[in-house]
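Below you'll find the structure, written out as structure tokens, and then a few comments.
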Amino acid sequence: MFEQVPTALPDAILGLTEAFRKDPNPHKINLGVGVYKDEQGNTPVMACVKEAQRRLLEAEKNKNYLPIEGSPEYGQRVRELLLGPDHEAITSGRAVTAHTPGGTGALRVVADYLKKLHPATRVWLSEPTWPNHPQLFSAAGLDLRTYPYFDAQTSALAFDAMLDTLGRELRPGDVVLLHACCHNPTGVDPTPQQWDQIAALLHEKQALSLVDFAYQGLGDGLEQDAVGLKRLAQPDRELIVCSSFSKNFGLYNERVGALTIIARQASQAQAVLSQVKTCIRTNYSNPPAHGGAIVTTILADAGLRAQWEGEVQQMRDRIQGMRRLFVQTLQAKGAKRDFSFIERQKGMFSFSGLNKEQVERLRKEEAIYIVGSGRINVAGMTPANMDRLCQAIVKVL
């Protein structure tokens, strides 16, 4: 059976990391994979995570399975982090949560659920979006469409084109995938006023919002980054949220995520959750416990929660600092192109405006690894590598 199997193409992002690891150049720079790094170029374990793990190991008594949907307390803490503990969707019981293996696991469960219960639905993705989004939904057999999002001329949100396309093309029952904050790959987010318009349009068109929330806290702040989600989650509205704690808790290899369903009524939310659980059961059966327990421990303890918020702020401040330094250093190195838009964008990623030929030259000539689209991970920059990075970019422009 295996004799005629062709070799699959490497993943556009993870494959780039493999090539980076094999590169012998001691000055190589990786701006591809979406992993936070500190000023020394390391991906640290957060201090609050270390303490939470210590407490968990001391108190641990068994390794039993979790329920299919995960720990009830984990679900509660996730909902409170997303919406705030007093949000109407929580107090009314119309929001329910399933613990998933990372945000990717949540997205795949949603895809399976949609294919099973709503097979005729069309899933709308921003153009561009995270490269794994179309693969996940295509693998489930769903019909994919795209809507305009990024204006390459202005390096800003193509808001009018986005609303125009969705306004003309959406059908009742369609699903629109939105990035809650720190849009991957562009770093461009709607304003609160634009979120209001998006929410009103989707409600009018009877479309379901599917929110990918992978970077809460890394844009403007934990509450500020949830503004769009809260505008979508008004009373009598339906939506699904896929959240990840890889970045804001640094729990990459623990694969900690969640799928939160917000229905119009509590009974409807429970019905959807029952169907989601059947999808989970035939996929990974139930979620891994350790990472979720870390998140629960931190969010449930006032001291650890405060420590975590401080560490997230340090990450956010460093990313914003690298954006400023990148723009300043490019200018100092003689870049003729205006890169000031990098400073206005949010989160770990930005579209640099570099084309495929320039990206390829950077890899071959300078051992600088960037995704072919020109997306850069700002968190991969450090004060130590900034001069070399910017000099190389100016060289290939």
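Looking across Lys50, Lys61, one residue alone is over 25 Å from the mean Cα position of the chain (by Cα) and not hydroxyl-bearing (Ser, Thr, Tyr). It is Lys61.
Asp301 meets the conditions (1) open to solvent by 60 Å² or more (accessible area, probe 1.4 Å); (2) charged (D, E, K, R); (3) modelled with pLDDT of 95 or more; (4) more than 23 Å from the chain's Cα centre (by Cα) in every case but one. The failed one is (1). Among the residues here, Leu82 does not qualify as in contact with a His (Cβ under 7 Å, 6 or more places away or on another chain) and surrounded by 20 or more Cβ atoms within 10 Å (Cβ to Cβ).
Taking Thr382 as the residue in question, decide whether it is out of contact with any strand residue (DSSP E or B) (no Cβ under 8 Å at 6 or more places or on another chain), open to solvent by less than 30 Å² (accessible area, probe 1.4 Å) and modelled with pLDDT of 95 or more. When the stated conditions are applied, Thr382 does not pass them.
Within the stretch 31-48, if we keep just the residues that are open to solvent by less than 70 Å² (accessible area, probe 1.4 Å) and either polar (S, T, N, Q) or touching an Asp or Glu at 6+ places or on another chain (Cβ under 7 Å) (or both), the residue that is nearest to Leu16 (Cα to Cα) turns out to be Thr43. Scanning the stretch 138-151 for residues that are more than 21 Å from Cys181 (Cβ to Cβ) and in contact with a strand residue (DSSP E or B) (Cβ under 8 Å, 6 or more places away or on another chain) gives Ser138, Leu142, Asp143, Leu144, Arg145.
The rows are residues; the columns are (1) β-branched (Val, Ile, Thr); (2) assigned to a loop (DSSP other than H, G, I, E, B).
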site: Leu81; (1), (2): no, no
site: Ala98; (1), (2): no, no
site: Gly103; (1), (2): no, no
site: Val110; (1), (2): yes, no
site: Tyr113; (1), (2): no, no
site: Pro119; (1), (2): no, yes
site: Ser126; (1), (2): no, no
site: Gln135; (1), (2): no, no
site: Leu144; (1), (2): no, no
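The residues listed here are Val211, Val227; of these, the one that is among the β-branched types (Val, Ile, Thr), open to solvent by 10 Å² or more (accessible area, probe 1.4 Å) and either part of a strand (DSSP E or B) or touching a Phe, Trp or Tyr at 6+ places or on another chain (Cβ under 9 Å) (or both) is Val227. Within the option set Val241, Val276, Val256, being over 30 Å from Ala379 (Cα atoms), β-branched (Val, Ile, Thr) and at pLDDT 95 or above holds for one residue only, Val276.
Of all residues in the stretch 48-76, which are in contact with a Gly (Cβ under 9 Å, 6 or more places away or on another chain) and not acidic (Asp, Glu)? Once the filter is applied, which keeps residues that are in contact with a Gly (Cβ under 9 Å, 6 or more places away or on another chain) and not acidic (Asp, Glu), the stretch 48-76 yields Cys48, Val49, Leu66, Gly70, Ser71, Tyr74. For the residues Ser285, Ser244, the requirement of being more than 30 Å from Ala384 (Cβ to Cβ) and hydroxyl-bearing (Ser, Thr, Tyr) singles out Ser285. Residues that are touching a Ser or Thr at 6+ places or on another chain (Cβ under 7 Å) and either within 18 Å of Gly219 (Cβ to Cβ) or open to solvent by 10 Å² or more (accessible area, probe 1.4 Å) (or both) do not occur anywhere in the stretch 355-362.
Sub-6 Å Cβ pairs linking a first residue in the stretch 107-133 that is among the β-branched types (Val, Ile, Thr) to a second residue that is open to solvent by 20 Å² or more (accessible area, probe 1.4 Å) and in a loop (DSSP other than H, G, I, E, B), at least 6 apart or interchain, are Thr121/Gly173, ordered by first then second residue. For the condition open to solvent by 10 Å² or more (accessible area, probe 1.4 Å) and over 21 Å from the mean Cα position of the chain (by Cα), Gln153 qualifies.
When each of Arg108, Arg171 is tested for being open to solvent by 20 Å² or more (accessible area, probe 1.4 Å) and in contact with a Leu (Cβ under 6 Å, 6 or more places away or on another chain), the lone residue that passes is Arg108. Only a single criterion out of (1) assigned to a helix (DSSP H, G or I); (2) within 17 Å of Val35 (Cβ to Cβ); (3) basic (Lys, Arg) is not satisfied by Lys247, namely (1). For Val272, state whether it is among the β-branched types (Val, Ile, Thr) and touching a helix residue (DSSP H, G or I) at 6+ places or on another chain (Cβ under 6 Å). Judged against the criteria, Val272 is not a match. The residues listed here are Glu51, Glu58, Glu18, Glu73; of these, the one that is farther than 30 Å from Ala306 by Cβ, open to solvent by 40 Å² or more (accessible area, probe 1.4 Å), not in a loop (DSSP other than H, G, I, E, B) and not basic (Lys, Arg) is Glu18. Inspect the stretch 238-259 for any residue being closer than 23 Å to Arg316 by Cβ and without any contact (Cβ under 8 Å) to a residue 24 or more places away in the chain and give the result as yes or no. There is at least one residue in the stretch 238-259 that is closer than 23 Å to Arg316 by Cβ and without any contact (Cβ under 8 Å) to a residue 24 or more places away in the chain.
The values are calculated or read from the model by the stated rules, or taken from the named source; none is laboratory data. In this text, all values refer to a predicted model and were calculated from it rather than measured experimentally. In this analysis, Cβ positions are derived from the backbone assuming ideal geometry, glycine residues included, and neighbour counts consider all displayed protein chains. Just so you know, the surface numbers come from the protein's heavy atoms only, side chains and all, with ligands and any DNA or RNA stripped out. Shrake-Rupley method; radii C 1.70, N 1.55, O 1.52, S 1.80 Å.
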